[in-house]
Amino acid sequence: MKYDVYGIGNPIIDLTIKVTDSDIESLGLDKGTMHLIDENRRSEILNFLKDKEVQSFPAGSCPNTIMGLSSLGSNSIINGRIGNGNLSKQYINEIEGINVISRLKSSEGVTGTSIILITPDSQRTMNTFLGNCRKFSKEDIDIEAIKESKFLYFTGYMWDTDSQKEACNYAMKIAKENGVKFVFNLADPNLVLRNKDELFNFILDKVDFLISNEEEIIALMGEDYESAIKDLENKITGIVVTMGENGSKIKHKGSTHLVDSFKVSAVDSTGAGDMYTSGFLYGMSLGIPVENAAKIGSYFASKIVSQLGTKINDETINDVKEFIEKLK
């Protein structure tokens, strides 16, 4: 295969700001979740926090994962829709600088932004203005590139508009017809609750690998998800459930693997799940055992939570590469 992972996602510029719990309360936000906002709400939040330092990074859940993969040396693609201003230029320049293969489509309008508020306990509260992301459609998909990829990957965030959903279903159909494995990430518990029945049936029918954190899988299946998940085991190839400091659990072809987390002093949990997925998909693309792929994911996640923001530095990549060599 020419490509490792073909990712479809929302290209977002992250605006990361350290705040207090009282800031979260004053803004009327539900701490630790993702809120979709309009342009007026975006301006309101930024105005309230205008005296605080802001750091900006190219991001978005799926793009983060593809950036992580590319930083490790994977030949991977990001497909999505951006605007035509300075933020879009910044986005493309930065991701191509770490060898991401861009299939981003630019058009008149605004590149999406996410205001990420980090509280002292390292929780992140996301306020996302999708901008041009909502315009992504099936016409934006590179059919031949999907056919030449090992994996197709996207997240539940693509369920927020009919146009995005239609495009992803089309991409998934191409993948299935050409033997490309499809990996799906639930992404957010509130999103799962909004689309619960549809997502469950979609997973049963279409997904090869499901990735979720514990809160998301509970939103989908209830508190007793361990029993409910058995209905999925015979339908899909693998299920990955991440559990923060308690590690992760992988069910694959009738076997269960428990993988410990790596203990670190967390600074910012933003992107932890995305980097876990990067490491896991990187391991899978190498053809190594799933438990070792999960260990790479866990180690990569531990490195990213030790810093502010999701921008991947050379030291982190070198550490992860050394870890991978020890697993081989």
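Observations, loosely collected:
- Cross-link partners for Lys52 among the lysines, with Cα-Cα distance under 29 Å and sequence neighbours closer than 8 places in the same chain left out: Lys18, Lys31, Lys89, Lys303, Lys311.
- Label point distance in nm, Gln90-Asn169, each placed 7 Å from Cα along Cα→Cβ: 3.6 nm
- DSSP-defined beta bridges in the chain - what % are antiparallel, rounded to 5: 35 percent
- Among the listed pairs Lys165/Lys295; Lys230/Lys321; Lys135/Lys173, those whose Cα-Cα separation exceeds 24 Å are Lys165/Lys295; Lys230/Lys321.
- Mean separation of Cα contacts under 8 Å, 6 or more apart, over the residue count of the chain: relative contact order %: 17 percent
- Other residues lying with their Cβ under 13 Å from the Cβ of Ile203 contribute a combined charge of -4, Lys and Arg counting +1, Asp and Glu -1.
- Student exercise, the range 26-113 dipole from Lys, Arg, Asp, Glu Cβ charges, in Debye to nearest 20: 140 debye
- Evaluated over the Cα positions of the range 220-273, the convex hull gives a direction-averaged projected area, one quarter of its surface, of 4.6 nm².
- The Rg/Rh ratio for the chain is 0.93, where Rg is the radius of gyration of the alpha carbons and Rh is the Kirkwood radius.
- Simple label model, 7 Å out from Cα along Cβ direction - Asn47 to Glu148, nm: 4.9 nm
- Here's the list of aspartates and glutamates a cross-link from Lys263 could span, going by alpha-carbon distance under 17 Å and ignoring same-chain residues fewer than 8 apart: Asp121, Glu245, Asp319.
- Space enclosed by the convex hull of the alpha-carbon atoms of the range 1-108, per residue, Å³: 122 Å³
- Relative packing of peptides 99-108, 144-153 - highest average C-beta neighbours within 10 Å first: 144-153, 99-108
- Shape class for the range 132-262: prolate, because the ratio a/c of the largest to smallest gyration tensor axis (alpha-carbon atoms, square roots of eigenvalues) is 1.5 or more and a/b beats b/c.
- Compared with the alpha-carbon gap, the fully stretched path from Lys31 to Asn178 is longer by 48.8 nm at 0.36 nm per residue.
- Potential lengthening between Asp208 and Asn246 on full extension [0.36 nm per residue; Cα-Cα distance subtracted]: 11.2 nm
- Debye, to nearest 20: dipole size of the chain, +1 on Lys, Arg Cβ, -1 on Asp, Glu Cβ: 820 debye
- Estimated FRET transfer efficiency when R0 is 35 angstrom, pair Asp224-Glu108 (beta carbons, to 0.05): 0.10
- The spacing between the range 1-40 and the range 41-78, judged by their C-alpha centroids, is 8 Å.
- Principal axis analysis of the Cα atoms in the range 175-251 yields extents of 37, 26, 21 Å, listed in decreasing size.
- Cα gyration tensor shape of the range 213-303, rounded if a/c is under 1.5, else prolate or oblate by comparing a/b with b/c: oblate
- Cα-based shape type of the range 32-84, given that a ≥ b ≥ c are square roots of the gyration tensor eigenvalues and the cut on a/c is 1.5: prolate
Where a number appears in this text, it was derived from the coordinates with a stated rule and is not lab data. Every value quoted in this text rests on a predicted model; they were computed, and no experiment measured them. So basically every Cβ, Gly included, is an ideal-geometry build from the backbone, and we count neighbours across all protein chains shown.
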